[in-house]
Amino acid sequence: DSGVTQTPKHLITATGQRVTLRCSPRSGDLSVYWYQQSLDQGLQFLIQYYNGEERAKGNILERFSAQQFPDLHSELNLSSLELGDSALYFCASSPRDSLRMGGELFFGEGSRLTVL
Amino acid sequence: DAKTTQPPSMDCAEGRAANLPCNHSTISGNEYVYWYRQIHSQGPQYIIHGLKNNETNEMASLIITEDRKSSTLILPHATLRDTAVYYCIVRVGGNQFYFGTGTSLTVIP
């Protein structure tokens, strides 16, 4: 158990809909990272927040947005869903704002999104 | 941006050491080498990381060559539960990890 909690574990929805994925980081971790893993793309970095502020951005679509709240939990909002958005969405946390000095990430078990 | 090259798959007999190689010939002097693994569709799990020196923890050992252009992850006594995809990662710009395609390790009874 990494200490990172993600909900829901599974989600099935229809195209055009909007969903929210939730992540609670490990106790004391200020950074939250979101990754997407689809069958043909591997693990893709989406976005990072540190103590409520956006710190780094990866391959995140404009239809997707995220935020980190004062209690440090984070939400990833996916809107106007398309079939291709079906994937595993992982949240990871870290105590630092940067991975430059050897920081590691602790991943949750993921949220599996299926868009029909 | 430093990238890594790993064999797509490997087999290892249960109880034997599993040696997973990784090439990172373009690594910069201050970039760490990380290893993660992903069992089936679970969240990736941190294994170990290093900069220059060899490292060992309760899970594995990491051997980094002197020129830092390659490394080897060693699982000393592989078990069936070690069957997973193993990712060798070097930080790529900003705060993101580039996971690549990894090595699918199958531990055979």
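The values are calculated or read from the model by the stated rules, or taken from the named source; none is laboratory data. It should be emphasised that the depicted structure is a prediction, and the values quoted were computed from it without experimental measurement. Quick reminder, even Gly has a Cβ in these numbers, built from the backbone with ideal geometry, and neighbours come from all protein chains shown.
Values computed for the structure shown
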read-out: Matching residues, segment A:27-78, being within 14 Å of another protein chain (Cβ to nearest Cβ), under 11 Å from the mean Cα position of the chain (by Cα) and aromatic (Phe, Trp, Tyr); value: A:Tyr33, A:Trp34, A:Tyr35, A:Phe45, A:Tyr49
read-out: B:Asp67 farther than 29 Å from A:Glu54 by Cβ, of a type in the set (Asp, Glu), out of contact with any Leu (no Cβ under 6 Å at 6 or more places or on another chain) and at pLDDT below 95; value: yes
read-out: Residues of segment B:15-34 satisfying the condition of being under 30 Å from A:Ser111 (Cβ atoms) and in contact with a Ser or Thr (Cβ under 8 Å, 6 or more places away or on another chain); value: B:Leu20, B:Cys22, B:Val33
read-out: Meets criteria (of a type in the set (A, V, I, L, M, F, W, C), outside any strand (DSSP E or B) and in contact with a strand residue (DSSP E or B) (Cβ under 8 Å, 6 or more places away or on another chain)) for A:Leu72; value: yes
read-out: Qualifying strands (runs of 3 or more DSSP E) (wholly inside segment B:32-109; at least 2 residues being under 10 Å from the mean Cα position of the chain (by Cα) and within 13 Å of chain A (Cβ to nearest Cβ)); value: B:33-38, B:45-50, B:84-90
read-out: Given (1) under 22 Å from B:Phe99 (Cα atoms); (2) more than 8 Å from chain B (Cβ to nearest Cβ); (3) assigned to a strand (DSSP E or B), number of the condition A:Leu88 does not satisfy; value: (2)
read-out: Residues being under 18 Å from B:His77 (Cα atoms) and not hydroxyl-bearing (Ser, Thr, Tyr) - total across segment B:1-37; value: 14
